[in-house]
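These notes concern the structure reproduced below.
Every read-out reported here was derived from the displayed coordinates using simple, explicitly stated rules and does not represent laboratory data. This one's a predicted model, so the numbers in the text were calculated from it and none came from an experiment. Here the Cβ positions follow ideal geometry from the backbone for every residue, glycine too, while neighbour counts run over all protein chains shown.
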Amino acid sequence: MKPILFFDIETTANPDAIALLPEPTAPANYKDADKIAQYITEKKTEQIAQAPLDADLGKAIAISLQSGIESQVEVHLIGDPETKAESDLIRWFWTAFAKADGRSCGYNIIGFDLPYLLRRSFDLGIQVPIQPQLSKFRTEPTTDLMAILYNWGPAKGLKWVCKRYGINNPLPDLDGSLVANMDPETLRKYAGNDVYLVVELYKRMCGVYLPALNSYQPAFFNR
């Protein structure tokens, strides 16, 4: 069996897509010109802020992955020698995904990462070599730690879960809301850290939510 591919994506707003949105309009009861202008400005700001999480309005700018629990994290950004454009970045990911026979693991990858990459591939005309399995209530070949931990119901974020259950976060002051303004070095560290947290959470869940790992025995089992 191929090693599982742990991964995470980082996204930002896509100005070209946002430009296609209809102009916001103020409610009919707004009469004051200044209030109308303020409302429209606020709505536009809101659209831009939410765009990174919407595959129709955003784009991938970084992908981090790790093949198996013992290997090193690889991080590629748009602008790197091998991934100069978003299309290169996404093709790089699908190549690794295919090598893993679609076995993948992440946090909310069924609800966000994989559908996002499919939509961006659709937009950019990228052929997907192996279609990801997005079915709920399964743990293979797509292992969505968030879905499993919260039984496919309302859930909390990765950073909060790690903090709650004693998984050290080396970059506690960074979060996804800062991605758009990160310099390349910080973004690379942040993206890699997300996969590190995914791997650590996966190991912690093995033996409880997932089959135990012979090579890893969580300390809390010995309490």
Quotient of C-alpha Rg and 2.2 N^0.38 Å, computed over the range 153-214: 1.26
For the chain, convex hull of alpha carbons as volume per residue, Å³: 157 Å³
Most mobile of 50, 131, 38 in a GNM of the chain (Cα contacts under 10 Å): 38
26 Å Cα-Cα reach of residue 35 towards lysines, excluding residues that sit fewer than 8 places from it in its own chain: 43, 44
Beta bridges per DSSP with both ends in the chain, % antiparallel, nearest 5: 70 percent
Cβ crowding within 10 Å averaged over residues, with 39-48, 81-90, 138-147 ranked highest first: 138-147, 81-90, 39-48
Pairwise centroid distance, computed over Cα atoms, of the range 155-204 with the range 96-135, Å: 21 Å
Listed pairs 2/163; 159/203; 59/84; 2/159 exceeding 22 Å between Cα atoms: 2/163; 2/159
Built amide H within the under 5 Å cut-off of residue 61, gap 5+: 10, 11, 12
Sites matching trypsin sites (Lys or Arg not before Pro) across the range 146-201 that sit in DSSP coil, with at most 14 neighbouring C-beta atoms within 10 Å: 156
